[in-house]
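Visitor: After the structure tokens below, expect a handful of questions from me.
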Amino acid sequence: QVQVVESGGGLAQAGGSLRLSCTVSGLSLDELTMGWFRQAPGKEREGVSCLDRRGQSTRYADSVNGRFTISRDVAKNTLYLQMDSLKPEDTAMYFCAAQKNLGGGWCVLGPFEYDNWGQGTQVTVSS
């Protein structure tokens, strides 16, 4: 019912910026808790940032706090992740995830809390 498609990944130099997009179909973002996750080779999938269905509450992993910003455009039904001051350690496959039936005012960064996933977009940061 819910489909998620990421885009915007690519190659950046350390200190540079990228903006990832996540286009959602099937339900409005007003009905979905949203999250960004990443997975590097040999590592577990890691929660990066999330946004509650009201668009009022966010969370960030300590490793990206202050550098990444999550936002949304409800009219376009699109979620964004603005990535600034990129580091080589940010290199990973980035995934967008959505979950309905969660209340507003909070979100979670645990990957098992989400049922709807995109295909991923690769981010590579060189030094």
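The values are calculated or read from the model by the stated rules, or taken from the named source; none is laboratory data. The model shown is predicted, which means the values in this text are computed figures rather than measured ones. All Cβ positions, even for glycine, are placed from backbone atoms using ideal geometry, and neighbour counts span all protein chains on display. Quick note on the areas: whole protein, heavy atoms, side chains included, nothing else; ligands and nucleic acids left out. Shrake-Rupley method; radii C 1.70, N 1.55, O 1.52, S 1.80 Å.
Visitor: Measure off 7 Å from each Cα along the Cα-to-Cβ vector at Lys100 and Gln39, then give the distance between these two points in nanometres to one decimal.
Guide: Inter-label distance under the simple model: 2.5 nm.
Visitor: At 0.36 nm per residue, and after removing the present C-alpha to C-alpha distance, how many nm does the segment from Glu31 to Lys87 gain when stretched out fully?
Guide: So the chain would gain 16.8 nm between Glu31 and Lys87.
Visitor: How much of the accessible area of segment 28-81, probe 1.4 Å, is carbon plus sulfur, in whole percent?
Guide: Reported share for carbon and sulfur atoms: 38 percent.
Visitor: Same structure again: So what is the diffusion coefficient of the chain in µm² per second by Stokes-Einstein at 4 °C and 1.567 mPa s, using a Kirkwood Rh over Cα pairs?
Guide: After rounding, the answer is 91 µm²/s.
Visitor: Which residue fluctuates the most in the chain, going by a Gaussian network model with Cα springs under 10 Å, if the choices are Val64, Val74, Val108?
Guide: Val74
Visitor: Next up: Pairs of Cα atoms under 8 Å, at least six residues apart: use those to get the relative contact order of the chain, whole percent.
Guide: Rounded, it is 37 percent for the chain.
Visitor: Taking 0.36 nm per intervening residue step and subtracting the Cα-Cα distance, what contour gain separates Val2 from Thr58 on full extension?
Guide: Answer, rounded to one decimal: 18.0 nm.
Visitor: On to the next question. Which order do Tyr94, Tyr80, Tyr60 take when ranked by solvent-accessible area (1.4 Å probe, heavy atoms of all protein chains), largest first?
Guide: Largest to smallest exposure gives the sequence Tyr60, Tyr80, Tyr94.
Visitor: Shifting gears a bit: Counting heavy atoms of the protein chains only and a 1.4 Å probe, report the per residue accessible area for the chain as a whole number of Å².
Guide: 50 Å²
Visitor: If a/c stays under 1.5 just call it rounded; otherwise compare a/b with b/c (prolate if a/b is bigger, oblate if not). Do that for segment 17-75, with a ≥ b ≥ c from the square roots of the Cα gyration tensor eigenvalues.
Guide: Since a/c reaches 1.5 and a/b is larger than b/c, the shape of segment 17-75 is classed as prolate.
Visitor: Using a Gaussian network model of the chain whose springs link C-alpha atoms within less than 10 Å, name the residue from Leu20, Leu81, Leu102 with the highest mean-square fluctuation.
Guide: Between Leu20, Leu81, Leu102, it is Leu102 that shows the largest mean-square fluctuation.
Visitor: Right, another one. About the Cα centre of the chain, how large is the charge dipole given +1 on each Lys and Arg Cβ and -1 on each Asp and Glu Cβ? Please answer in debye to the nearest 20.
Guide: 140 debye
Visitor: In a GNM of the chain with a 10 Å cut-off on Cα contacts, which of Pro88, Pro41, Pro111 has the highest mean-square fluctuation?
Guide: Top of the fluctuation ranking is Pro41.
Visitor: I would also like to ask the following. Please report how far the C-alpha centroid of segment 50-127 lies from that of segment 1-44, rounded to the nearest whole angstrom.
Guide: For segment 50-127 versus segment 1-44, the Cα centre distance is 6 Å.
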